[in-house]
Structures are given as structure tokens and as C-alpha cells.
Amino acid sequence: MGSTGTVLRELRGAQKTSKGVSLYSRYVNRPAGRVLAAGAFRAGMTPNQVTLVSALFTFAAISSLALAPPSWGLGLAVCAGLVTGFAFDSADGQLARLTGRGGPDGEWLDHVVDCAKMILVHTAVLISFYRFTELPGDIWLLLPLGFLFVSVLTFCAGLLREQLGRAAARAVPAGSAPAPASRLRAVVLLPADYGVFCLVFPLLGAPGAFRTGYAVLAAVHAVFLVAFLAKWFRELKAFRVD
């Protein structure tokens, strides 16, 4: 394959569907991941190596959140690290589709890193609250635990929906073509996007504003969890053959 421009054109043709993807992932994270994937391809990196780079940025940002007192500078650094890690998380899959070097090991590693970051980022917020922040009450310590529960349950339930649905789809006749990606749905999904969640961390310099933003996102994610669980249950039930 020739120039970086040629690689980028090939990557554009190897994108996953935009259905069920928010505007942030569609217009920010995936294009950023495409550029990173092109650079990784030119550097001779494998998809698994890109996944590990994603983990390095993500876990460095999470560690600093737990270890350093909140400040505007820390918030910007944490946000930058998480956003960069998220972009590399998109790049590994794009590189795998471009090169045909993906496999079960890469998918497994990607899911392990995703699950770890969901657990650790909320754990780091809890540690930061406990170590550095004068909270209005100890009940605020339950907020990161609740957000952690919602995030992990959404991730695991969504992953099971994907795997069980894929297996069930092979056992039933093919139906109609999938509906095209909806712009309205992409807008509605914005508050549930991990990239949008990362954007709350620059508020660390104003602890009250950060708590409010974090709490609002936690509540929104909880509402989405209920909606997703109902939707995924209906979809899987539709695969039943009586």
C-alpha cells in the first residue's frame, strides 16, 4: 500500500456501520482513529500493539486522577489521556480490518481493556473524592459506585446481546436489510458516549461543577441502561423459535 493518503482511503472503505453510533464517535473518534490507524500501519504496528497503546494512555490518565489533587491542569491532562486512548481504541479495530490481521485474541484483548477502563475510571473518581475533595456528605461516595455498576452492566449486557444475537441470527432465515443509520438517534446517544463522558474531566478544577456534571452523566447513563436492557431483551426474544 502506498502513501498515507492511500491508506486513509482504504480505511474509509473498511468502516463499521454507523447504526447505533453517536455523533461523537461518528465524526470525532472514528476519524481520529482512522488517522492513528494509518500511522500505525505505516509504522508496522499490529492491532494488538495499538490496543496496548490505547491502554497506556487510558491507564496513565486514570492513575493521575487517583494520585494527584484535582486542578484545572490535571483535568485537562486526564481528559486528553482518556480521549487519546479512546481514539486508539477505535484505531485498533480499523487497523485489523485494513490488514486482515484481526482475530479472537485481538477482540478479547480489546474487550478486556475496555472493561478494565470502565471499572478503573470510576474507581479513580471514588479515590479522588475520598482523598482530595470536601464533599457535602459521605453519600457522594456512592455516586462513583453507582456509575461503575451502570457502566459495567451496560457493557456486559451489550456484549452478550451482540454475541447471542450473532449466534441466533445464523440459525434463522435472513430478514430484511438493516435500517440505515439515523442522525436523530446519533444525537440522542451523545450523552451515553464514552467520548462525551471524558469531556467532564476538565471541570476537575471546580469540584462542585465536576460533581454536578458527573452526577448528571451518571443519571443519564442509568436511564439509557434501562432503555437498552428493554430493547436488547425484545431483540433477543424475537430470535426465539417456538
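Between residue 199 and residue 46, the C-beta separation translates, for a Förster distance of 30 Å, into a calculated FRET efficiency of about 0.50. Of 97, 166, 131, which has the largest mean-square fluctuation in a 10 Å C-alpha GNM of the chain? Most flexible of the set in this elastic network: 166.
With Kirkwood's inverse mean 1/r over C-alpha pairs for Rh, give me the Rg to Rh ratio of region 43-96, two decimals please. Walk me through the intermediate numbers first.
Values: Rg = 12.5 Å, Rh = 11.5 Å.
With Rh from the inverse mean 1/r over Cα pairs, Rg/Rh is 1.09.
How far, in degrees from 0 to 90, does helix 104-132 lean away from the longest principal axis of the Cα atoms of the chain, to the nearest 10? Here the helix axis deviates by roughly 10 degrees. The long axis of helix 207-237 is offset from the longest Cα principal axis of the chain by roughly 30 degrees. Principal axis analysis of the Cα atoms in region 70-168 yields extents of 51, 32, 15 Å, listed in decreasing size.
Its convex hull of Cα atoms gives the chain a direction-averaged projected area, equal to a quarter of the hull surface, of 14.6 nm².
Taken one residue at a time, the phi angles of region 189-200 give Karplus couplings (6.51, -1.76, 1.60, θ = phi - 60°) of 6, 3, x, 8, 7, 4, x, 5, 4, 4, 6, 7 Hz. Gly and Pro are set to x. Phi angles across region 65-79 convert, under the Karplus curve 6.51 cos²θ - 1.76 cosθ + 1.60 with θ = phi - 60°, into 3J(HN,Hα) values of 4, 7, 9, 10, x, x, 7, 4, x, 4, x, 5, 5, 4, 4 Hz, Gly and Pro given as x. Averaged over residues, the count of other Cβ atoms within 10 Å places the peptides 200-213, 222-235 in the sequence 200-213, 222-235, highest first. Using the rule -39500 (n - 2.57) for each DSSP H run of four or more residues, divided by the residues of the chain, the 222 nm mean residue ellipticity is -24000 deg cm²/dmol. Axis angle, to the nearest 10 degrees, between helix 142-169 and the longest C-alpha principal axis of the chain: 10 degrees. Across region 25-48, the residues whose backbone nitrogen lies under 16 Å from the label position 7 Å along the beta-carbon direction of residue 105 are 45-48.
Where a number appears in this text, it was derived from the coordinates with a stated rule and is not lab data. Since the structure is predicted, the reported quantities are computational estimates derived from the model, not experimental observations. Using ideal geometry, Cβ is built from the backbone for each residue, glycine included, and neighbour counts are taken over all protein chains shown.
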